[in-house]
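Since the structure comes first, as structure tokens, the remarks are kept for the end.
The values are calculated or read from the model by the stated rules, or taken from the named source; none is laboratory data. Small disclaimer: the values here were computed from a predicted structure and weren't measured. Because the Cβ atoms are built from the backbone with ideal geometry, glycine has one as well, and the counts that use them run over all protein chains shown. We work out accessible area using only protein heavy atoms, side chains counted, and drop any ligands, DNA or RNA first. Shrake-Rupley method; radii C 1.70, N 1.55, O 1.52, S 1.80 Å.
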Amino acid sequence: LKYDTSQLKHLDLERQAYVFLDVTIFPIIDSNGKVSNAVIQHIDITARKAAEEALSKSEDRYRTLVDNAAEGIFVIQNGKVVFANPKAFIMVDYRLDEREPKYFVDFIHPEDRAMVIERHLRRLSGEEFEETYTVRLIDRQGNIRWVRITSAGINWENSPATLTLAT
């Protein structure tokens with residue numbers, strides 16, 4: 001099918017520009033089964049592409065910050081660690097590929113568990129109180145590590161959770 005570009009609208013631009021187009025072509029078939037014409041639909045998706053690019057950059061910045069943080073970052077929901085950054089995995093001696101959610105109390109020293117659970121539940125209920133305190137973590141090998149944690153109640157994937165930073 002020949003495409004007569006002389007009939008296209010030509011724009012005189014003050015500066016060079018580009019657009020992203022979503023193009024759909026519908027062939028028109030004649031009685032002999034040959035393409036005689038086509039309907040071409042152009043939809044300008046430049047704004048959508050710009051938004052996607054901005055989101056991608058934002059995600060890259062977030063990932064860089066979280067993955068390189070000096071603190072362990074844990075998100076605790078329904079009693080389980082549902083998110084942890086690489087430093088958090090190091091603190092509890094797990095490999096990054098071991099992403100199955102674990103109960104957060106499994107990483108807390110038995111003498112500190114009651115206090116940590118009580119504070120976790122108070123945060124989930126929206127109560128505000130001291131957000132930084134010291135506890136003992138237990139890694140996979142049973143080693144004890146003293147850490148200072150700072151926790152806050154958050155909404156994670158439309159459900160209440162706590163965000164905990166461990167140093």
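Of the residues examined, Tyr94 is not one that is surrounded by fewer than 17 Cβ atoms within 10 Å (Cβ to Cβ), touching a residue at least 12 places away in the same chain (Cβ under 8 Å), aromatic (Phe, Trp, Tyr) and closer than 16 Å to Leu137 by Cβ. Checked against (1) of a type outside the set (Ser, Thr, Tyr); (2) open to solvent by 90 Å² or more (accessible area, probe 1.4 Å); (3) within 24 Å of Pro160 (Cα to Cα), Phe74 meets all criteria but (2).
Of all the numbered requirements in (1) among the small types (Gly, Ala, Ser); (2) open to solvent by less than 30 Å² (accessible area, probe 1.4 Å); (3) modelled with pLDDT under 90, Ala88 misses one, and that requirement is (3).
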